[in-house]
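Structure first, commentary second.
The values are calculated or read from the model by the stated rules, or taken from the named source; none is laboratory data. Here the structure is a predicted model, which means the values were calculated and not measured. Glycine also receives a Cβ, built like all others from the backbone with ideal geometry; neighbour counts cover every protein chain displayed. Remember, those area values only see protein heavy atoms, side chains included, never the ligands or the DNA or RNA. Shrake-Rupley method; radii C 1.70, N 1.55, O 1.52, S 1.80 Å.
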Amino acid sequence: ARQGRMRDQEAETQAARLLQAVQQRDLHGLAQRPLLLTVMSWLHTFRGQLPEDRTELYADAVDLLLRRWEGRVGGEVGVVEQLAIPGLKMSDLEAGLYAVAFKAHSGAAEDEGTADIDEADLRKWLAPYLGNDWNKAGEFITYIRERAGLLVRHKHDAYTFPHRTFQEFMAACYLVGMDDYPSEAAKLVEQAPDRWREVFTLASGSAARTHRLGQAIAAVNALCPEEVSVTKAPSREAFLRAELAGTSLLEIGLVGVGREPVGRAALERMRRWLAAALRADHVLKPVERAEAGNVLAKLNDPRFRADAWFLPDEPLLGFVEIPQDAFRMGEGKEEHKLELPIYYIGRYPVTVAQFGAFVEAGGYREPHYWKEAQAAGIWQDGKVKGRLDDDPRVKPVEYGGSLESANHPVVGITWYEMVAYCRWLTEQLCAWQGTPEPLARLLRKEHWEVQLPSEAQWEKAARGTDGRVYPWVSDPDPNRANYDKTGIGATSAVGCFPGGRSPYDVEDLSGNVWEWTRSLYRGYPYDPKDGREVLDAGSDQSRVLRGGAFSNVRYVRCAWRNWDYPGSRSYDYGFRLVLSPYL
């Protein structure tokens, strides 16, 4: 802007965007290095934004750093001219650096950080790309020593890459150039998965972007060639390779994958593997299952029906029958018996994709879904005000998530938005010819509705009739619910904790997110006729939340009660559905 190459306002906008861009998980580590932040700034300034594709970002950054050696700054001689090797091109030096990265990565003492490269090894590895002239290799090393770039001197006689990601990316470029890249890449992952995982993924992206889509898909197939077994439980290593294969398909790009029949077949196979991984609590750690769920979300989770508003692909669209019988509600001195009539409850909390269908259908613009919110002054002209917590994880968005978390519980929305969603879904299921029985009859002839559960309905679904403390009977177990001891530290894809299901096979009732109920926070014994189930009590009347969340074990007991005001939003507040007569 000072040089007159862009307006001041444009510069301010670009600076703000860059600050936001470098906080991305993949880029934040790079941005902490002055050289790499400078490279990112140049790319961002003259392209208007950083590439969203990280493989493209690293390729552009490598190219920019190489071009600094190629050109002249202040009359300086470029590296090719200085070396004066007949027929030498920058592509030869680039290939030499790829080889150095691959050999350094292969022989690194640790699986973290960048490798130390002895000067003698560096000269030996570069010489074949400089006419097998060791003296010219030495000249090139001297050139590198005196200038910042893709290799930096960090000890008297040792060099390294400026960031591990550059080492991995350049090793990936070398790997893609091998004669039998697909099988070699799969072999490396099987031998040392922690070391080669990132290289494999970046190689997939690099191959696809250099017009070797078929090889990229072949590498994924070589990594995970078989169908997931339904009779013999796969090993932990097999599941982790499937998760890596799914990640690599994303790096290749789903549009490109979908162009090839073999790519479509691989995609469907990885979806099945990852769906099975969510249930593999006997071999995978909770964090590993959660990561499989995150990858599955981006691959389009096959457990949900896109043609049915992303409800579960089950005979009853994820609604589970809770039979009529008595159960024990509350704990300690407040415990009492209660009998509830039959109802159906959602197997999982409502997901980001499910709520997103409501948003995309224009649900925020239909006043008849928002009676209570209008009365409370929360909804106006298609906008919901709500109260935002100070926590930066709560964002003022119309629904709490993106397609990257499509199979996670929706969060960051108010109780009023959940009520509106229930009314909208009731209308859709009543009108849809595909609504299964008995749900269709109950909705159309007996006038049942999709609603938020009462806290009594929620608690019965969680603990059954035997008064258990947790849905799984035994003591707290981080393999059965997403709470603080589990180590995930955020919401997880629904269905990651099959061992935590309730007696009725309802899942995620403990942990993951607090779940809103329709009930006002009143004392026990519970009485549905005392006015606690009315929807129009006002925004100053607190409502009950149940189930705890990913942040604390104390609150995941079936009987624990929490409360908040219905206009509140939080990063760990979600909800699930019931189908029952109007309460």
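Within the stretch 533-553, being assigned to a loop (DSSP other than H, G, I, E, B), touching a helix residue (DSSP H, G or I) at 6+ places or on another chain (Cβ under 9 Å) and within 15 Å of Y565 (Cβ to Cβ) holds for L535, D536, A537, G538, S539. Scanning the stretch 223-236 for residues that are open to solvent by 40 Å² or more (accessible area, probe 1.4 Å) and touching a residue at least 24 places away in the same chain (Cβ under 8 Å) gives E227, A233, S235, R236. Taking the criterion of being under 19 Å from the mean Cα position of the chain (by Cα), surrounded by 24 or more Cβ atoms within 10 Å (Cβ to Cβ), of a type in the set (D, E) and within 26 Å of Y565 (Cα to Cα), would at least one residue in the stretch 503-513 satisfy it? Yes, the stretch 503-513 contains at least one residue that is under 19 Å from the mean Cα position of the chain (by Cα), surrounded by 24 or more Cβ atoms within 10 Å (Cβ to Cβ), of a type in the set (D, E) and within 26 Å of Y565 (Cα to Cα). For the stretch 177-187, a residue qualifies if it is of a type in the set (A, V, I, L, M) and within 27 Å of the chain's Cα centre (by Cα), and the qualifying residues are A185, A186. Here is a check on your reading of the model: is R441 open to solvent by 40 Å² or more (accessible area, probe 1.4 Å), over 18 Å from G547 (Cβ atoms) and in contact with a His (Cβ under 9 Å, 6 or more places away or on another chain)? No; evaluated as a whole, the condition is false for this residue.
Please verify whether the stretch 482-491 includes one or more residues that are open to solvent by 50 Å² or more (accessible area, probe 1.4 Å), assigned to a loop (DSSP other than H, G, I, E, B), under 24 Å from R279 (Cβ atoms) and not hydrophobic (A, V, I, L, M, F, W, C). Can you show your working first?
Here is the first cut: in the stretch 482-491, the ones open to solvent by 50 Å² or more (accessible area, probe 1.4 Å) are 484-485, 487, 489.
Adding the requirement that they be assigned to a loop (DSSP other than H, G, I, E, B) leaves 487, 489.
Checking which are under 24 Å from R279 (Cβ atoms) leaves us with 487, 489.
Then drop every residue that is not not hydrophobic (A, V, I, L, M, F, W, C), which leaves 487, 489.
Among the residues of the stretch 482-491, at least one is open to solvent by 50 Å² or more (accessible area, probe 1.4 Å), assigned to a loop (DSSP other than H, G, I, E, B), under 24 Å from R279 (Cβ atoms) and not hydrophobic (A, V, I, L, M, F, W, C), which makes the answer yes.
As a summary of the residue check, Y143 satisfies the conditions (1) in a helix (DSSP H, G or I); (2) within 30 Å of E251 (Cα to Cα) except for the one numbered (2).
Conditions tested, residue by residue: (1) at pLDDT 85 or above; (2) within 19 Å of L64 (Cα to Cα).
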{"residue": "T13", "(1), (2)": "yes, no"}
{"residue": "Q20", "(1), (2)": "no, no"}
{"residue": "W42", "(1), (2)": "no, yes"}
{"residue": "G48", "(1), (2)": "no, yes"}
{"residue": "E52", "(1), (2)": "no, yes"}
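The condition of being in contact with a Lys or Arg (Cβ under 8 Å, 6 or more places away or on another chain) and modelled with pLDDT of 95 or more holds for only one of V220, V176, that being V176.
Kindly state which helices (runs of 4 or more DSSP H) lie completely within the stretch 1-112 and contain at least 3 residues that are open to solvent by less than 50 Å² (accessible area, probe 1.4 Å) and in contact with a Phe, Trp or Tyr (Cβ under 6 Å, 6 or more places away or on another chain).
Numbers: elements: 8-21, 25-31, 34-47, 54-70, 79-83, 90-107.
Helices (runs of 4 or more DSSP H) meeting the threshold: 90-107.
Can you find even one residue in the stretch 159-171 that is of a type in the set (V, I, T) and touching a strand residue (DSSP E or B) at 6+ places or on another chain (Cβ under 6 Å)? Yes. The strands (runs of 3 or more DSSP E) found entirely in the stretch 301-350 that carry 3 or more residues being buried (at least 17 other Cβ atoms within 10 Å of the Cβ) and more than 33 Å from the chain's Cα centre (by Cα) are 325-329. Counting only residues that are within 18 Å of T38 (Cα to Cα) and either among the hydrophobic types (A, V, I, L, M, F, W, C) or at pLDDT below 80 (or both), which one in the stretch 147-167 is farthest from the chain's Cα centre (by Cα)? Step by step, filter the stretch 147-167, then rank; the result is R147. Here N132 clears all of (1) within 39 Å of the chain's Cα centre (by Cα); (2) in a loop (DSSP other than H, G, I, E, B) except the condition numbered (1). (1) within 20 Å of H408 (Cβ to Cβ); (2) open to solvent by less than 10 Å² (accessible area, probe 1.4 Å): which one isn't true of D572, the others all being true? With (1) within 20 Å of H408 (Cβ to Cβ); (2) open to solvent by less than 10 Å² (accessible area, probe 1.4 Å) applied to D572, the lone miss is (2). Residues of the stretch 116-138 that are over 27 Å from L202 (Cα atoms) and buried (at least 18 other Cβ atoms within 10 Å of the Cβ): K136, A137.
Of the residues in the stretch 113-124, how many are β-branched (V, I, T) and either within 21 Å of R197 (Cβ to Cβ) or part of a helix (DSSP H, G or I) (or both)? It would help to see each step written out before you state the result.
To start, the set of residues in the stretch 113-124 that are β-branched (V, I, T) comprises 114, 117.
Then drop every residue that is not either within 21 Å of R197 (Cβ to Cβ) or part of a helix (DSSP H, G or I) (or both), which leaves 114.
Final tally of qualifying residues: 1.
N552 - would you say it is of a type in the set (S, T, N, Q), within 23 Å of V287 (Cβ to Cβ) and touching a Gly at 6+ places or on another chain (Cβ under 8 Å)? Spelling it out, it is not the case that N552 is of a type in the set (S, T, N, Q), within 23 Å of V287 (Cβ to Cβ) and touching a Gly at 6+ places or on another chain (Cβ under 8 Å).
Evaluate the following for V494: is it at pLDDT 95 or above and either open to solvent by 10 Å² or more (accessible area, probe 1.4 Å) or not in a loop (DSSP other than H, G, I, E, B) (or both)?
Details: at pLDDT 95 or above: yes; either open to solvent by 10 Å² or more (accessible area, probe 1.4 Å) or not in a loop (DSSP other than H, G, I, E, B) (or both): no.
No; evaluated as a whole, the condition is false for this residue.
For the stretch 529-544, the set of residues classified as in contact with an Asp or Glu (Cβ under 8 Å, 6 or more places away or on another chain) and either open to solvent by 20 Å² or more (accessible area, probe 1.4 Å) or over 19 Å from L338 (Cα atoms) (or both) consists of L535, D536, S542, R543, listed by residue number. Filtering the stretch 454-465 for residues that are at pLDDT 95 or above, crowded, with 23+ Cβ neighbours inside 10 Å and in a strand (DSSP E or B) leaves an empty set.
Has the stretch 515-538 got any residue that is of a type in the set (V, I, T) and within 29 Å of the chain's Cα centre (by Cα)? Looking through the stretch 515-538, at least one residue is of a type in the set (V, I, T) and within 29 Å of the chain's Cα centre (by Cα).
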